[in-house]
1. Calculate the length of the line joining the C-alpha centroid of region 130-201 to that of region 203-263, in whole Å.
2. When only C-alpha pairs under 8 Å and at least 6 residues apart count, what is the relative contact order of region 146-303, in percent?
3. Could you pull out the pairs from K121/K190; K78/K105; K111/K252 whose alpha carbons sit more than 29 Å apart here?
4. What order do you get for K232, K246 when you list them from fewest to most C-beta neighbours inside 10 Å?
5. Enumerate the amide H contacts of I267 below 5 Å, restricted to partners 5 or more residues apart or on another chain; note that Pro and chain-start residues carry no placed amide H.
6. Please report, in debye to the nearest 20, how large the charge dipole of region 137-178 is about its Cα centre when each Lys and Arg carries +1 at its beta carbon and each Asp and Glu carries -1 there.
7. Mind checking the angle between helix 133-146 and the chain's longest principal axis? C-alpha axes, 0 to 90 degrees, to the nearest 10.
8. Enumerate the amide H contacts of A128 below 5 Å, restricted to partners 5 or more residues apart or on another chain; note that Pro and chain-start residues carry no placed amide H.
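Any read-out appearing in this document is the output of simple, stated calculations on the displayed coordinates, not a laboratory observation. Being a predicted model, the structure only gives us computed values, none of them experimental. We place every Cβ from the backbone using ideal geometry, glycine too, and count neighbours over all the protein chains shown.
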Amino acid sequence: MASFFSRLTKGLSRSRDSLSQTLPANSEKALSNADWLDIEDALIMADCGAEQAMALVEKAKKERKSPLESLKRAMIAKVENHQPVIHPSDGPFVLLVIGVNGTGKTTTIGKLATMFANEGKKVMVGAADTFRAAAVDQLAVWVERAGADMVRQHEGADPAAVAFDTVQRGVARNYDVIIVDTAGRVQTDKGLMDELAKVRRVITKAYPDAPHEVWQVVDGGTGQNAVVQVEKFRETAGTSGLIVTKLDGSAKGGIVLQLTDRFGLPIRYVGVGELLEDLMPFDAEAFVSSLLPEQDKSTDSPI
Ligand SMILES: Nc1nc2c(ncn2[C@@H]2O[C@H](COP(=O)(O)OP(=O)(O)OP(=O)(O)O)[C@@H](O)[C@H]2O)c(=O)[nH]1
Ligand SMILES: [Mg+2]
């Protein structure tokens with residue numbers, strides 16, 4: 001877990017470095033207005049968005065704690081979300097995974113399938129990305145590694161038919177978890193967004209309360225555009241949670257604060273690399289700590 005935290009920290013180091021310049025790690029001293037403006041700028045540079053950065057600074061300024069601690073608390077309040085994952089009382093948990101091209105959906109499904117399988121669950125994955133045979137093969141590798149099962153059809157098959165088939169079979173054969181992969185699509189492509197809406201509808205036809213969760217995978221390096229992506233996917237497919245990937249790369253991290261604040265959606269997991277173990281449940285406190293200069297306190301051990 002510690003190395004996990006350090007990978008996340010490394011990816012977000014740019015944001016942290018610029019905040020370190022103005023935010024003293026262990027000072028109780030009040031900051032000047034100019035200092036707070038510098039912090040606001042650093043938050044904007046970290047992809048927090050101008051409105052959000054201003055709101056965070058306003059809130060932190062009013063606190064009586066040290067500036068760093070105050071800002072940290074304000075940021076945690078934005079990203080924290082205690083909504084539990086919806087689990088059906090009986091029958092399989094059905095998860096639909098959606099998002100823009102290349103955000104990491106298939107990789108994340110591989111990681112999730114492995115995680116569930118390691119918990120002793122029987123996992124079925126549906127390859128409803130039928131655009132390219134290679135996409136199905138990529139998923140098959142992950143599924144096999146996870147010891148899960150997969151429903152696939154020929155290249156070019158109707159994704160909704162694959163999704164229906166997956167859920168129907170998963171229910172009939174008493175699987176514990178059913179995960180449906182979908183092709184990446186840009187939110188401006190009406191045809192493909194309609195197709196996604198249809199995938200969701202047929203899943204409900206196959207099994208009335210499903211999908212129990214719809215998770216959008218967002219590339220953490222996307223920046224501001226992630227906001228409109230999430231807005232449109234939510235309208236189309238009823239997104240219930242987010243997974244933010246590639247936080248090990250050049251992502252600046254602040255986008256997570258914008259998304260949680262704007263949509264009130266929980267971040268379920270974050271991706272910090274391409275390997276199986278590089279997916280971790282989202283921890284608000286650990287995440288915010290990794291964006292900020294390290295606190296000079298012995299109690300602040302990583303996770
Ligand atoms: N560094 C890093 N790379 C990642 C992460 N998650 C996924 N990737 C990589 O991102 C690339 C795209 O991942 P996929 O899982 O194929 O993405 P996708 O959303 O399924 O793509 P499409 O199906 O084409 O829309 C792959 O090279 C992955 O290894 C992550 O958390 N960190
Ligand atoms: Mg994919």
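1. 18
2. Once normalised by length, the contact order is 16 percent.
3. Working: K121/K190 36 Å; K78/K105 25 Å; K111/K252 23 Å.
K121/K190, as the Cα separations exceed 29 Å there.
4. Numbers: K232 18, K246 23.
If I rank by nearby Cβ atoms, fewest first, I get K232, K246.
5. Distant-sequence amide H within range of I267: L242.
6. Values: 4 positive and 7 negative charges, 28 e Å.
It comes to approximately 140 debye.
7. 80
8. D181
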